[in-house]
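Here is the structure we will look at, set down as structure tokens.
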Amino acid sequence: MFNSSTLLQVKAFARLDGLILAMVWLASMWLVIRQPQSSWGAILMLSTPFFIGWRLKAFRDRVLSGVISFRRGLCFACYVFFYASLVFALGQFVYFKYLDNGAFITMIKQGLAAMRPVYEQNGLDISNLETGEKVAEMMSAGDLVLTFMMYNLMVGLVVSLLLAFIYKKSKRETQ
């Protein structure tokens with residue numbers, strides 16, 4: 001049964017883990033933008049499911065005595081993604097609004113320019129790349145942040161479903 005004290009407990013632990021995950025994402029973003037040739041930013045970002053799985057398992061084992069339902073695991077993981085997305089969006093907004101000075105959009109445009117020869121070589125229409133460049137130039141800090149936040153929440157839902165299924169454990173399984 002899911003009652004208010006259970007939900008408060010899940011949300012309290014998820015807030016803490018969401019804050020930690022947001023810090024990992026901010027470090028990842030910083031590395032991707034400041035050191036694009038390094039793979040550390042991508043490694044940090046790809047560690048997200050492993051981090052949440054580790055925290056979900058710790059929540060299950062330390063707080064819930066080794067028993068967690070699929071629904072509670074899903075709720076925990078979704079809340080972690082939700083809180084992490086909120087904090088990450090705040091950090092991104094500050095960065096894009098006050099610190100970036102167009103570096104991120106320049107990086108996107110350079111990536112699209114690097115793809116142009118591949119498109120031409122394969123006989124693909126490059127008008128999509130040109131449209132992408134125009135759209136990137138028109139995006140404000142709020143547009144970028146909202147785009148990333150929606151992406152994080154959608155991916156978070158899928159990852160949460162998988163992790164909740166993997167880490168669910170009933171009383172029968174613990175005996």
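To the nearest 10 square angstrom, how much accessible area does residue 127 have with a 1.4 angstrom probe?
Surface accessible to solvent at residue 127 totals approximately 40 Å².
In whole Hz, what ³J(HN,Hα) sequence does the stretch 9-15 give by Karplus (6.51, -1.76, 1.60; θ = phi - 60°), x for Gly and Pro?
5, 4, 5, 5, 5, 5, 4
Take the solvent-accessible surface of the protein heavy atoms, probe 1.4 Å, and return the percent of it on the stretch 112-175 that carbon and sulfur atoms account for.
63
Are any of the pairs 11/109; 11/171; 11/134 more than 29 Å apart by Cα-Cα distance, and if so, which?
Cα-Cα > 29 Å for 11/109; 11/134; rest within.
Quick one: Debye curve from the alpha-carbon atoms of the stretch 54-175 only, equal weights, vacuum; give me log10 I(q)/I(0) at q = 0.13, 0.14, 0.20 Å⁻¹ to two decimals.
At q = 0.13, 0.14, 0.20 Å⁻¹ the computed log10 ratios are -0.71, -0.76, -1.02.
Each residue of the stretch 75-80 in turn: what ³J(HN,Hα) in whole Hz from Karplus with 6.51, -1.76, 1.60 and θ = phi - 60°, glycine and Pro shown as x?
4, 4, 5, 5, 5, 4
Under a cut-off of 16 Å between alpha-carbon atoms, report the aspartates and glutamates in cross-link reach of residue 57, not counting same-chain residues fewer than 8 places apart.
Leaving aside aspartates and glutamates fewer than 8 places away in the same chain, those within reach of residue 57 are 17, 173.
Please compute the per residue accessible area over the stretch 41-148 with all protein chains in place, 1.4 Å probe, rounded to a whole number of Å².
Accessible area per residue, the stretch 41-148: 56 Å².
I'd like the Karplus ³J(HN,Hα) series for the stretch 51-56: coefficients 6.51, -1.76, 1.60, θ = phi - 60°, whole numbers in Hz, and an x wherever there's a Gly or Pro.
These are the phi-based 3J(HN,Hα) values: 5, 5, x, 4, 5, 5 Hz.
Which angle between 0 and 90 degrees, to the nearest 10, do you get for helix 141-167 versus the longest principal axis of the chain when only C-alpha atoms count?
Roughly 40 degrees between the two axes.
Based on the mean of other beta carbon atoms within 10 Å per residue, what is the order of 41-52, 75-86, most packed first?
75-86, 41-52
Over the stretch 1-103, what percent of the accessible surface lies on carbon and sulfur atoms, probe 1.4 Å?
69
Given a cut-off of under 8 Å on Cα pairs at least six residues apart, what relative contact order in percent is computed for the chain?
This gives 33 percent for the chain.
Hey, how many Å between the Cα centroid of the stretch 119-155 and the Cα centroid of the stretch 89-113?
Using only Cα atoms, the two centres lie 13 Å from each other.
The values are calculated or read from the model by the stated rules, or taken from the named source; none is laboratory data. This one's a predicted model, so the numbers in the text were calculated from it and none came from an experiment. All Cβ positions, even for glycine, are placed from backbone atoms using ideal geometry, and neighbour counts span all protein chains on display. Accessible surface areas use protein heavy atoms only, side chains included; no ligands, DNA or RNA. Shrake-Rupley method; radii C 1.70, N 1.55, O 1.52, S 1.80 Å.
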